[in-house]
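J.: Got a structure here, written out as structure tokens. Questions coming.
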Amino acid sequence: MPGMLCEHCTGLCCRYVALPIETPENRQDFDDIRWYLVHEGMSVFIEDGDWFLNIQSTCRHLQPDQRCRIYHTRPRICREYSVENCDYHSGDYGWEEHFTCPEHLDEYFKNHGPGKGRRRRSARNGKPGRPRLRAKLRTRNPKKSRYTRATADVSGVPLPVLGAGR
């Protein structure tokens with residue numbers, strides 16, 4: 001790619017927030033995650049065995065030219081982004097699974113829910129029934145989830161697409 005990578009940037013990393021959530025262990029936990037998925041601009045994904053809530057939301061400091069208005073005082077997470085983990089060129093996201101609507105999660109629960117013989121990891125440190133969220137810089141891995149192929153939910157409502165506008 002000729003020139004500097006930032007000259008071609010579309011600010012994809014400035015258009016979402018991914019926060020780790022507790023690994024669901026029972027039907028109630030899965031139902032709590034379904035609650036996220038009924039909200040616009042939300043999706044949930046699994047990466048390296050960890051569960052994340054993905055919130056489509058553009059940073060208020062992203063300018064029309066895709067540059068950061070607060071570049072010199074930007075948060076640590078932004079400063080740690082580099083060409084190696086840049087959303088613009090690093091390929092597909094490394095999701096094991098990606099749920100963009102409750103129906104995707106329901107299908108996953110039927111196949112992998114409690115009692116399906118799969119060992120579950122627990123990250124319970126918060127209050128019961130309340131997800132514990134913490135910010136984390138994500139990197140990408142080229143893998144595809146079978147749940148990302150759907151373009152609409154069972155009612156025909158178009159599903160959000162992460163990284164739209166590439």
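J.: If ASN125 satisfies all but one of (1) in contact with an Asp or Glu (Cβ under 9 Å, 6 or more places away or on another chain); (2) at pLDDT 90 or above; (3) of a type in the set (S, T, N, Q), what's the number of the condition it fails?
T.: The one condition ASN125 does not meet is (2).
J.: Another one. When segment 65-79 is examined, which residues are found to be closer than 29 Å to LEU37 by Cα and either surrounded by 14 or more Cβ atoms within 10 Å (Cβ to Cβ) or not hydrophobic (A, V, I, L, M, F, W, C) (or both)? Break it down into steps so the answer makes sense when it comes.
T.: The first filter runs over segment 65-79 and keeps only residues closer than 29 Å to LEU37 by Cα, leaving 66, 75-78.
Once the filter is applied, which keeps residues that are closer than 29 Å to LEU37 by Cα and either surrounded by 14 or more Cβ atoms within 10 Å (Cβ to Cβ) or not hydrophobic (A, V, I, L, M, F, W, C) (or both), segment 65-79 yields GLN66, PRO75, ARG76, CYS78.
J.: Within segment 24-47, how many residues turn out to be of a type in the set (S, T, N, Q), surrounded by fewer than 16 Cβ atoms within 10 Å (Cβ to Cβ) and not in a helix (DSSP H, G or I)? Break it down into steps so the answer makes sense when it comes.
T.: Going residue by residue through segment 24-47, those that are of a type in the set (S, T, N, Q) are 26, 28, 43.
From what's left, surrounded by fewer than 16 Cβ atoms within 10 Å (Cβ to Cβ): 26, 28.
Subsequent filtering for residues that are not in a helix (DSSP H, G or I) retains 26.
The number of residues fulfilling the criteria is 1.
The values are calculated or read from the model by the stated rules, or taken from the named source; none is laboratory data. These numbers were taken from a predicted model, which means no experiment stands behind them. For neighbour counting, all protein chains shown are included, and Cβ atoms are generated from backbone atoms with ideal geometry for every residue, glycine included.
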